[in-house]
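As structure tokens, the structure follows; a few thoughts come after it.
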Amino acid sequence: MTSIRLERCAKTFADGTRAVEPLDLEIRGGETVVFLGPSGCGKTTTLRLIAGLEAPDPGGRVLFDDVDVTEVPIERRNVGMVFQSYALFPNMTVEDNIAYGLKVRRAPARARVDDMLTMMHIGELRRRRVDQLSGGQKQRVALARALAVQPRVLLLDEPLTALDAKLRDGLRIEIDGLLRRLGMTAVYVTHDQAEAMSLGDRIVVMSRGRVAQVGRPRDIYFAPANRFVADFVGTMNALKGVARDGHLELPGGRLPWRGARAGEVEILFRPESVTIVDAARAQLTGRVLTSFFLGDRTRVVVEGVGATPLIVETTERREFAPGHAVHLALDTDAMLTLDR
Ligand code: ADP
Ligand code: MG
């Protein structure tokens, strides 16, 4: 299984755009690494550097299994790629699309194409033209084509972004199963944090061409390294208060405070770390600003606890009408303080 290493890889485009700042990254053999970040942060460019579709600025190196491939063109790197836009031949059949890479390499195609059709559950579509397929079917064909040539590395750039929600969930589960079963090295680009959390062995959170944090999904979620990661991954509440005498004083109440710092501090916590309680057990009290019934839970936006509204989630079935008092207790072990 192929490991990938990027060493001081930067990318400046001809027009002067610095898409990627000098970046060092190690991807272990067999690992699924997800690049996560907002649009324009450099995810696709980094993926293209790995693929050999872009060359890094002078001084940057790309290594596969410790061998420098910086000068090796894409067709000799043996990578499989899947794009958001499918990039299939629309007027060719499914099987011809899947066989394409094999034929280019003069490799026997027939048995391999059959295997790929079975693996992606698209056997009955083999003689259909690609332009007659749904988005989800096209993406299955694109995966089959990428895997047919038995690449060392699979690179996926937002493969589910163009699909509707239900289909996205189904194919995500399937891609996850596929990557685990094949055990191959994969790099998956997305701006969707749920996708990143569920697929990645590790996540590389990117912001403005830089790595904001690298870690397992749990590390990224529970121990964000900085404010950008805290805000980008999941929902994060922030409260400013004054720490004194073992308490944190807030506009809506007070919390126990064991932190070393005194004076003004900002705490961060996830919606699920707050519980709606009755008045007697309240640490904090605010009012319902608005609420969103999501079926399995209700998302309640609470004002008056701090300077900005808090987001709280509850599985209680009752309605939360605007203006009504909400009493809250916080899991203080789940509180974070960040200096940045
Ligand atoms: P992402 O995939 O995270 O949305 P990209 O890697 O596509 O981001 O782009 C990163 C930055 O580089 C963006 O500002 C984008 O506009 C710019 N960029 C991408 N490709 C080119 C190019 N060929 N020429 C000039 N700028 C580019
Ligand atoms: Mg992109």
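The values are calculated or read from the model by the stated rules, or taken from the named source; none is laboratory data. In this text the structure is predicted, and so the values were computed from the model without any measurement. Virtual Cβ from ideal backbone geometry, glycine too; neighbours counted across all protein chains shown.
Would you check if T45 is among the hydroxyl-bearing types (S, T, Y) and in contact with a Gly (Cβ under 7 Å, 6 or more places away or on another chain)?
In short, no.
Could you check region 49-66 and list, in sequence order, the residues that are hydrophobic (A, V, I, L, M, F, W, C), assigned to a loop (DSSP other than H, G, I, E, B) and out of contact with any helix residue (DSSP H, G or I) (no Cβ under 6 Å at 6 or more places or on another chain)?
Going through region 49-66, the residues hydrophobic (A, V, I, L, M, F, W, C) turn out to be 49-51, 53, 55, 62-64.
After this cut, where a residue has to be assigned to a loop (DSSP other than H, G, I, E, B) as well, the list is 53, 55.
Within region 49-66, A55 is the sole residue that qualifies.
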Name the single residue, out of those in region 114-134 being closer than 20 Å to F83 by Cα and surrounded by 15 or more Cβ atoms within 10 Å (Cβ to Cβ), that is farthest from the chain's Cα centre (by Cα).
R129
Run down P38, P58, P22, P90 and say which single residue is out of contact with any strand residue (DSSP E or B) (no Cβ under 8 Å at 6 or more places or on another chain) and surrounded by fewer than 19 Cβ atoms within 10 Å (Cβ to Cβ).
P58
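Each row is one residue, and each column tells you yes or no for (1) among the hydrophobic types (A, V, I, L, M, F, W, C); (2) within 16 Å of ligand 2 (Cβ to nearest atom); (3) modelled with pLDDT under 95; (4) not in a helix (DSSP H, G or I).
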site	(1), (2), (3), (4)
Y86	no, yes, yes, yes
P90	no, no, yes, yes
Y100	no, no, yes, no
P108	no, no, yes, yes
R112	no, no, yes, no
V141	yes, no, no, no
Q150	no, no, yes, yes
A162	yes, yes, yes, yes
State whether the residues of region 13-24 include one that is part of a helix (DSSP H, G or I), within 25 Å of P224 (Cβ to Cβ), of a type outside the set (S, T, Y) and within 16 Å of ligand 2 (Cβ to nearest atom).
no
If you go through region 27-81 one residue at a time, how many are more than 16 Å from ligand 2 (Cβ to nearest atom), touching a Ser or Thr at 6+ places or on another chain (Cβ under 7 Å), within 13 Å of V204 (Cβ to Cβ) and β-branched (V, I, T)?
1
Looking at region 29-48, which of the residues that are closer than 18 Å to L63 by Cα and part of a loop (DSSP other than H, G, I, E, B) is nearest to ligand 1 (Cβ to nearest atom)?
E31
